[in-house]
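Here the structure is laid out as structure tokens; the discussion comes afterwards.
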Amino acid sequence: MKKLIVVVNDLERSGKSALARTLSHYFKSQEVQHLLVTSNEMDMTDSFPGEFWDLEDQFDVSQLIGAIDSYSAVILDVHSGGARNWGEILEAEDLENLLAELDAEMTLVIPDTRSERCNEEICDLTEIFADQADYVIAHLPGDARNQVKWKGSLASKAIRYLGANTVNIPDLSDDLRTALDNAGVDFTEALNNPSVLPRFAEVQLSQWIERASSGLAGGAEYLLPDAMGSVALDY
């Protein structure tokens, strides 16, 4: 069974892009042949290792079919504000049945910034997608000053009802933050291609990716395809 992994959260700066790239590194470590896709045209820098799909104006379902035919997994990073676009495409193209025909399942990966607004967004997403997908909630460190309790929240209850998995993504160490600052590159861009970073920054980032991959392993049931590809993409 192949996987369509959709990273979605309509809040800006919720960690979607970094999480999508981290998932790509996790898949590489598991030797899963996969494609990374963004729906934000601004992501299409020289270092971005994947494709762009326009979910607002010109989405062609043949792009999805071709990607799932060619790869064991597809990771789709949905731009902020694009969750409803994806929900409309899901309905208009009858993607639930199409994915079944392609022997594929969809998993929504939702970054959780531990804020009240994020809890509300998670509840909204469960209403949009309901039982059309599996769910993985990725708890990010967030801002300690604004954190709200997850346990007992409406979001946690909605997710538990849908049988979601939860995983924890580690915070960036002070050494990693300093290394990226000295290299003059932001975290998401660094994840595109760690090997081009200065050696110290590359080591610090690689160590973080290993810790994050260990956290993502807790959601492997919903993240990894049943029949994994034998060759990972060499980004």
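Bear in mind these aren't lab numbers, they're just calculated from the coordinates by the rules spelled out. Since the model is a prediction, treat every value here as computed from it, not as a measurement. Using ideal geometry, Cβ is built from the backbone for each residue, glycine included, and neighbour counts are taken over all protein chains shown.
Legend: ranking of residues 106, 42, 1 from fewest to most surrounding C-beta atoms inside 10 Å; resulting order 42, 1, 106. With the helix formula -39500 (n - 2.57) applied to DSSP H stretches of n ≥ 4, the chain reaches a computed 222 nm mean residue ellipticity of -12500 deg cm²/dmol.
Full extension of the chain between residue 196 and residue 226 gives 7.5 nm of extra length, using 0.36 nm per residue less the Cα-Cα distance.
Skipping prolines and chain starts, which residues have an amide H placed within reach, meaning under 5 Å, of the one on residue 166, given they are 5 or more residues away or on another chain? Distant-sequence amide H within range of residue 166: 137.
Taking a Cβ cut-off of under 10 Å around residue 2, the surrounding Lys, Arg, Asp and Glu residues balance to a net charge of -3, with basic ones at +1 and acidic ones at -1. Among 181, 112, the ranking by other beta carbons within 10 Å of each residue's beta carbon, starting with the fewest, stands as 181, 112.
Site pair residue 127 and residue 80 shows an inter-label distance of 2.2 nm when each label is modelled 7 Å from Cα along Cα→Cβ. If R0 is 45 Å, the Cβ-Cβ spacing of residue 97 and residue 214 corresponds to a FRET efficiency of close to 0.80.
Note on residue 157: aspartates and glutamates with a C-alpha under 16 Å away, same-chain residues under 8 apart excluded, are 112, 116, 120, 121, 124, 127, 131, 134. Please find, in a Gaussian network model of the chain (springs between Cα atoms separated by less than 10 Å), the residue of 103, 174, 43 whose mean-square fluctuation is greatest. With Cα springs under 10 Å in the chain, the top fluctuation among 103, 174, 43 is at 174.
A Gaussian network model of the chain, with springs between Cα atoms under 10 Å, assigns the largest mean-square fluctuation among 164, 18, 183 to 183. Gain on full extension, evaluated as 0.36 nm per residue between residue 186 and residue 69 minus their Cα-Cα distance, stands at 38.8 nm. Going from the residue with the fewest nearby Cβ atoms within 10 Å to the one with the most, 151, 157, 3, 28 rank 151, 157, 28, 3. Taking the Cα centre of the range 22-83 as reference, the dipole from Cβ charges on Lys and Arg (+1) and Asp and Glu (-1) amounts to some 320 debye. Each residue of the range 173-179 was assigned a 3J(HN,Hα) from its phi angle through the Karplus expression (A = 6.51, B = -1.76, C = 1.60, θ = phi - 60°), giving 6, 4, 5, 5, 4, 5, 4 Hz with x at Gly and Pro.
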